[in-house]
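K.L.:
Sharing a structure here in structure tokens format.
The values are calculated or read from the model by the stated rules, or taken from the named source; none is laboratory data. Please read these numbers as outputs of a predicted model, since none were measured by experiment. We place every Cβ from the backbone using ideal geometry, glycine too, and count neighbours over all the protein chains shown. Heads up: the accessible areas ignore ligands, DNA and RNA and are worked out on the full protein's heavy atoms, side chains in. Shrake-Rupley method; radii C 1.70, N 1.55, O 1.52, S 1.80 Å.
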Amino acid sequence: MKNITVLVSGGGTNLQALIDAQESGIIKNGRITCVISSKPGVYALERAKNHGIKSRVLERKLYRDSVEYSRALLKALDEEKADLVVYAGFMTIIDELVVKAYPNRMMNVHPALIPSFCGKGYYGLKVHEEALKKGVKVSGATVHFVTEECDGGPIILQKAVEVMEDDTPEVLQKRIMEQAEWKILPQAVSLFCDDRLEVRDNRVYIKN
């Protein structure tokens, strides 16, 4: 049984999708043992509490810089004996020392089809605003392993979502969350916990 630590900064809708998948048996060989938030008082912490999951707060502004914060986060992950670390709306920049300590063991969901609308500055509604500006007909979500390159890690799963002509960034964001993010993130976590993911030459292969 693998220990999953989930990193959050806000409402925790992706965290809830993981909790639901765990409780419904989609995630069989892993369990969320800790939720770590970069901010106090966010609703994601309430979600963890409601399901009996331990939580910790590492408040970003209490640390001098990203390196100091990253050292504290790495210490916390080690203390929690994390086998897998999942970014679920974690909006804090961390130093590469954390990624190097957990190679192919940190996972993120991005609200676009990488390599489109990704990288530095592309987060939250900004992603969907840019997609609509470009007039794309499909967007979606990508789950990938985290590397030193922002949104540049090996892609695990992707799911496309249709873009409607009258979409606003908020409407598109909601559709992508419901139809893609909340489905493929638990699926990717499940595959990891079942030891079915293999990374070779920056590509992810799913073993039968």
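K.L.:
As a test of the formula, what do you get for the chain when each DSSP H run with n ≥ 4 contributes -39,500 (n - 2.57) and the sum is divided by the residue count, at 222 nm and rounded to the nearest 500 deg cm²/dmol?
P.N.:
-10000 deg cm²/dmol
K.L.:
Which whole-Hz ³J(HN,Hα) couplings does region 2-17 yield from phi under the Karplus relation 6.51 cos²θ - 1.76 cosθ + 1.60, θ = phi - 60°, glycine and proline marked x?
P.N.:
Once θ is set to phi - 60°, the couplings for region 2-17 become 8, 8, 10, 10, 10, 9, 9, 9, x, x, x, 5, 5, 4, 4, 4 Hz.
K.L.:
If you don't mind, another one. On average, how much area does the Cα convex hull of region 7-114 cover when viewed from any direction, in nm²?
P.N.:
Spelled out: convex hull of the Cα atoms, projected over all directions, averaged, 7.0 nm².
K.L.:
I'm a student and want to see the number: the projected area of the Cα convex hull of region 90-190, averaged over all directions, in nm².
P.N.:
The orientation-averaged projected area of the Cα hull of region 90-190 comes to 6.0 nm².
K.L.:
So what's the net charge close to PRO115: Lys and Arg +1, Asp and Glu -1, counting the other residues with Cβ under 12 Å from its Cβ?
P.N.:
Neighbourhood net charge equals -2.
K.L.:
Please tell me the relative contact order of the chain in percent, rounded to the nearest whole number, where contacts are Cα pairs under 8 Å and at least six residues apart.
P.N.:
The value is 21 percent.
K.L.:
Return the carbon/sulfur percentage of the accessible area of the chain, one whole number, probe 1.4 Å, all protein chains in place.
P.N.:
Here it works out to 48 percent.
K.L.:
What is the gain in length, in nm to one decimal, between VAL57 and LYS100 on full extension, counting 0.36 nm per residue of separation less the C-alpha to C-alpha distance?
P.N.:
13.2 nm
K.L.:
Taking H as built 1.01 Å from N, whose amide H comes closer than 5 Å to the amide H of VAL204, not counting residues under 5 places away?
P.N.:
So VAL204 has HN proximity to ILE155.
K.L.:
Please list, in order along region 53-62, the HN-Hα scalar couplings obtained from phi with the Karplus expression 6.51 cos²θ - 1.76 cosθ + 1.60 (θ = phi - 60°), rounded to whole Hz, x for Gly and Pro.
P.N.:
9, 4, 9, 9, 10, 10, 6, 4, 6, 7
K.L.:
Might you tell me the accessible area per residue for region 23-180, computed with a 1.4 Å probe and given in Å²?
P.N.:
On a per-residue basis, 52 Å².
K.L.:
Something else about it: Under a 5 Å amide H to amide H cut-off, with H placed in plane at 1.01 Å, what residues pair with LEU113 once short-range neighbours are removed?
P.N.:
Hits under the 5 Å cutoff: GLY140.
K.L.:
Here is a further query. Provide the descending list of Cα extents for region 142-208 along its principal axes, expressed in whole angstroms.
P.N.:
41, 25, 14
K.L.:
Taking the alpha-carbon distance from LYS28 and a cut-off under 20 Å, which lysines remain once sequence neighbours fewer than 8 residues away in the same chain are dropped?
P.N.:
The qualifying lysines are LYS2, LYS54, LYS81, LYS183, LYS207.
K.L.:
Also: Run through all the Cα pairs of the chain and give the fraction in each 10 Å bin from 0, expressed as whole percent.
P.N.:
9, 36, 38, 16, 1
K.L.:
Let me ask something else about it. What ranking do 146-154, 132-140, 176-184 get when scored by the average of other Cβ atoms within 10 Å per residue, highest first?
P.N.:
176-184, 146-154, 132-140
K.L.:
Could the peptides 108-120, 40-52 be put in order, highest first, of the mean number of other beta-carbon atoms found within 10 Å of their residues?
P.N.:
108-120, 40-52
K.L.:
Spelling out what I want: for every residue of region 107-113, take phi, set θ = phi - 60°, compute 6.51 cos²θ - 1.76 cosθ + 1.60 (Karplus), and round to whole Hz; glycine and proline get x.
P.N.:
10, 9, 10, 10, x, 7, 8
K.L.:
Also, I was wondering about something else. Charges on Cβ only, +1 for Lys and Arg, -1 for Asp and Glu, centred on the Cα centroid of region 51-113; of VAL98, VAL85, ILE53, which one is farthest towards the dipole's positive end?
P.N.:
ILE53
K.L.:
Could you calculate the contour length gain from TYR205 to LYS159, that is, 0.36 nm times the residue separation minus the distance between their Cα atoms, to one decimal place in nm?
P.N.:
14.9 nm
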